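Report on the structure given below.
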Amino acid sequence: MTTTTAPSASSDSSNSEGIDRKPLMSTQALLLMNLGFFGVQFSFGLTQSAVNPLFLLIGADPDQLPILNLAGPITGLIIQPLIGAISDRTWHPRWGRRRPFIVAGAILCAIILFAFPFVGALWLGVICFWLLDAGNNTSMEPYRAFISDRLPKSQLARGFLTQSMFTGAGAVLANVSLFALQKVDALNETAGNGVPYWMYVVFMFGTVCILLTVLTAMSRTRELTPSDEDLEEMRTAPRGVSYAVREIADAVRTMPVAMHKIGVVFAFQWYAMFIYWQFLAVSLGETVFGAAPGEAGSGGDEIAWTGLMNGTYNFVTMISALFLVGLAQRMGAKRVHAAALGLASAALIWLANIDNQYLALIPMIGVGIFWASAVGVPYLMVASMVPARRTGVYMGILNMMIVVPMLVQTLTFGWIFNHLLDGKGSNAMVLAGVLLGIGAVAMLWVDPPDEADESPIVPLGSRRSITVYDQVVVGSDGTATSLYAVDRAAEVAQAAQARLVVVTAYREGEVAAPVAGEHQHLYGADAARQALEKSITNLTRERARHIDQRLVAGDPAQALLEAVGTNPANLIVVGNRGLGASDGQQLGSVPGEVVRHARCDVLIVQTSALDEDRLFGPAENSVDTGPSSGSTKEVSG
């Protein structure tokens, strides 16, 4: 069967579109939009792998690391929800809603990354760490909300998947840079503050990376203008920090039950991950490089190998992100995230008992799979279950669920490390693994929410139904009943923010004599083209935003089946009588064939219930195909 595709009726969306009609983004545009997250994650990767060893180099003791890391949870607890609430009520015709905060945070990060390796006093390093985390948090939360603002629901999973991939890529480059540059002999000299020159180069590289990627992404991606109602609400809403605090409190009171359940798991998950980031170098120094417990973590070898190990798990994150979100859609986020937590738990407990540096890379596979789930699945769930106009504040609240366990860890773990774990980093790794295991059990213990609270894109339990369609395919021969089916298909596509595909099939050759009670095929491409044009005449931008037109030579049912392919998230719309139903039949030949062979949902429009003579009139029951094309009539039966 030969397929001829006419030019698409969709048009590029401008910045003046309402945010309630979000246009689909091309793969290139979606990648470009997320490019800045690569730079943000490079900066965040340095805070994970380089800052704690740098503290040790300028005089900190291992048991001081938890309290020195207080900057992360405090800035996350305060800045992210506040920035989220403020950005929800911000709009500038030129700068947009989220972009000013993303760019401001990136510039602050760049300045601090440049200055950080020059510090020689511990107190000054702590101040730099606070400012760096403030910049990271100022960029990161609006960036996550930006994805939800910009993408229709049918592309949300793809958007957060792409963001997870850039999360892994940015952290990989940051950590591998730590490992590779430490091997350059010319950079192994130390400066007057005790910091080796290769660490200077890594931080300078981070400065360039975050500025280049964030500014490129923000300059090339435009935000959607909010609806008139949303703009009016922004103009009339009270301003100031006090109102933002009240907004956060109100959002906490009204947030979905599923978010509370995520918070239970996060309590164990993020306490454990903070232990891992702080004490990985200390643990490696003891178990792999032979350092005494009080001296471990400050040598060049364990710092470099920490960078390589963190780079390894982030590389696994990049690969895992390709399938993990889709797996969560099919199996349920509850099961997938529980399994990921279990893998990380086993990995850290094993890591604490490995004395070979190369073998120590293997557990990073489990940590990488877990990290792909941690940075993607929960954010996607929340983005799909909360009101779009409050996405920013809810993303901030989700971050509060992350930083509160981290804050508790910074205040309690120093004492635990010294008095309960004998001051050994390997024991700290075992405890982190145990806590991740408890988190995995807690995730399994959480029951799926009621249908009203369930995420329509990534369910907490197993998938119950397909609620969002990627593509709605409808067949039309230009007759009254087929136009009615097209009308219903357009409504479904608009509600799902999906692409509408209108398919018109025709026969080649001579016009066949009509047979009473049977569907009359279209003959000739010209007749089919006129029928297709008639089918989309009323599909204005307000009715359907993304329309594909397809002329197909061959059988109508086969044309519809080939248009949807094997994607179960597609939908076929057909009339029950309009396409080939004889008198007395419930389904015509075309819908009957489609129902038998389709691998996706099929919506049957009850065209037989229409008073066609009254609604459409006799003139609407045929398509004038001109003298050369032959006539095609709809026999209603």
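The values are calculated or read from the model by the stated rules, or taken from the named source; none is laboratory data. Bear in mind that the values here come from a model prediction, so they are computed numbers and not experimental data. Positions of Cβ are generated from backbone atoms using ideal geometry, with glycine treated the same way; all protein chains shown enter the neighbour counts. Heads up: the accessible areas ignore ligands, DNA and RNA and are worked out on the full protein's heavy atoms, side chains in. Shrake-Rupley method; radii C 1.70, N 1.55, O 1.52, S 1.80 Å.
Condition test on T236, is it open to solvent by 10 Å² or more (accessible area, probe 1.4 Å), among the β-branched types (V, I, T) and without any contact (Cβ under 8 Å) to a residue 24 or more places away in the chain?
Considered against the rule, which asks whether it is open to solvent by 10 Å² or more (accessible area, probe 1.4 Å), among the β-branched types (V, I, T) and without any contact (Cβ under 8 Å) to a residue 24 or more places away in the chain, T236 comes out as yes.
Tell me the helices (runs of 4 or more DSSP H) entirely within region 44-152 that contain at least 2 residues that are more than 30 Å from F417 (Cβ to Cβ) and over 23 Å from the mean Cα position of the chain (by Cα). Let's see the steps before the verdict.
Numbers: elements: 51-57, 65-68, 71-88, 99-115, 122-150.
It comes to 99-115.
Looking at N576 and the list (1) at pLDDT 80 or above; (2) on the phi < 0 side of the Ramachandran plot; (3) of a type outside the set (S, T, Y), which single condition is not satisfied?
(1)
Just to be sure before I move on: is N353 at pLDDT below 90 and under 30 Å from P62 (Cα atoms) in the structure I sent? Can you show your working first?
Details: at pLDDT below 90: no; under 30 Å from P62 (Cα atoms): yes.
In short, no.
Being in contact (Cβ under 8 Å) with a residue 24 or more places away in the chain and either open to solvent by 10 Å² or more (accessible area, probe 1.4 Å) or more than 17 Å from G439 (Cβ to Cβ) (or both) narrows it down to one residue among L359, L348, L343; which is it? I'd like the intermediate steps shown before the answer.
Working: L359 fails: in contact (Cβ under 8 Å) with a residue 24 or more places away in the chain; L348 fails: either open to solvent by 10 Å² or more (accessible area, probe 1.4 Å) or more than 17 Å from G439 (Cβ to Cβ) (or both).
Result of the check over L359, L348, L343: L343.
Select, from Q163, Q155, the only residue that is surrounded by fewer than 24 Cβ atoms within 10 Å (Cβ to Cβ), within 21 Å of A321 (Cβ to Cβ), touching a residue at least 12 places away in the same chain (Cβ under 8 Å) and polar (S, T, N, Q). Steps first, please.
On the way: Q163 fails: surrounded by fewer than 24 Cβ atoms within 10 Å (Cβ to Cβ).
None of the others qualify; the one that does is Q155.
Mind listing whichever residues of region 24-40 are outside any helix (DSSP H, G or I) and open to solvent by less than 40 Å² (accessible area, probe 1.4 Å)? Talk me through it step by step, then tell me what you get.
Going through region 24-40, the residues outside any helix (DSSP H, G or I) turn out to be 24-26.
Selection gives M25 alone.
Mind listing just one residue for me: the one in region 244-263 that is surrounded by 19 or more Cβ atoms within 10 Å (Cβ to Cβ) and not aliphatic (A, V, I, L, M) and, of those, nearest to V386 (Cα to Cα)?
So the residue we want is P256.
Exactly one of (1) crowded, with 18+ Cβ neighbours inside 10 Å; (2) modelled with pLDDT of 80 or more is unmet by H546. Its number?
(2)
With the condition kept exactly as written, say whether any residue in region 367-377 is under 18 Å from W270 (Cβ atoms) and open to solvent by 30 Å² or more (accessible area, probe 1.4 Å). Show your work before the answer.
First, pick out the residues of region 367-377 that are under 18 Å from W270 (Cβ atoms): 367-377.
Adding the requirement that they be open to solvent by 30 Å² or more (accessible area, probe 1.4 Å) leaves 369.
Yes, region 367-377 has at least one match.
Could you tell me which residue of region 41-59 is farthest from T410 (Cα to Cα), considering only residues that are open to solvent by less than 10 Å² (accessible area, probe 1.4 Å) and among the hydrophobic types (A, V, I, L, M, F, W, C)?
The extreme case among them is F42.
What about A296, is it modelled with pLDDT of 90 or more, touching a Ser or Thr at 6+ places or on another chain (Cβ under 9 Å), surrounded by 23 or more Cβ atoms within 10 Å (Cβ to Cβ) and closer than 19 Å to N69 by Cβ? Write out each step before concluding.
On the way: modelled with pLDDT of 90 or more: no; touching a Ser or Thr at 6+ places or on another chain (Cβ under 9 Å): yes; surrounded by 23 or more Cβ atoms within 10 Å (Cβ to Cβ): yes; closer than 19 Å to N69 by Cβ: yes.
No.
I want to confirm something. Restricting to region 556-570 and keeping residues that are at pLDDT 80 or above and open to solvent by 60 Å² or more (accessible area, probe 1.4 Å), which single residue is farthest from V472 (Cα to Cα)? Give the steps one after another, and end with the answer.
Of all residues in region 556-570, those at pLDDT 80 or above come to 556-565, 570.
Cutting the leftovers down to open to solvent by 60 Å² or more (accessible area, probe 1.4 Å) gives us 558, 562.
Working: Q558: 16, E562: 13 Å.
So the residue we want is Q558.
Of everything in region 60-76, what is surrounded by fewer than 20 Cβ atoms within 10 Å (Cβ to Cβ) and more than 15 Å from D133 (Cα to Cα)? Give them in sequence order.
Step one: of region 60-76, the residues surrounded by fewer than 20 Cβ atoms within 10 Å (Cβ to Cβ) are 61, 63-64, 67, 70, 74.
Within region 60-76, D61, D63, Q64 meet the criteria.
In region 494-510, how many are modelled with pLDDT under 75 and open to solvent by less than 70 Å² (accessible area, probe 1.4 Å)?
To start, the set of residues in region 494-510 that are modelled with pLDDT under 75 comprises 494-497, 509-510.
Checking which are open to solvent by less than 70 Å² (accessible area, probe 1.4 Å) leaves us with 496-497, 509.
Selection size over region 494-510: 3.
Just give me the residues in region 419-443 being charged (D, E, K, R) and crowded, with 19+ Cβ neighbours inside 10 Å, in sequence order.
Taking region 419-443 first, the residues charged (D, E, K, R) are 422, 424.
Hit for region 419-443 is K424, nothing else.
What single numbered condition from (1) crowded, with 22+ Cβ neighbours inside 10 Å; (2) within 30 Å of F101 (Cβ to Cβ); (3) in contact with an Asp or Glu (Cβ under 9 Å, 6 or more places away or on another chain) fails to hold for R390?
Every condition holds for R390 apart from (1).
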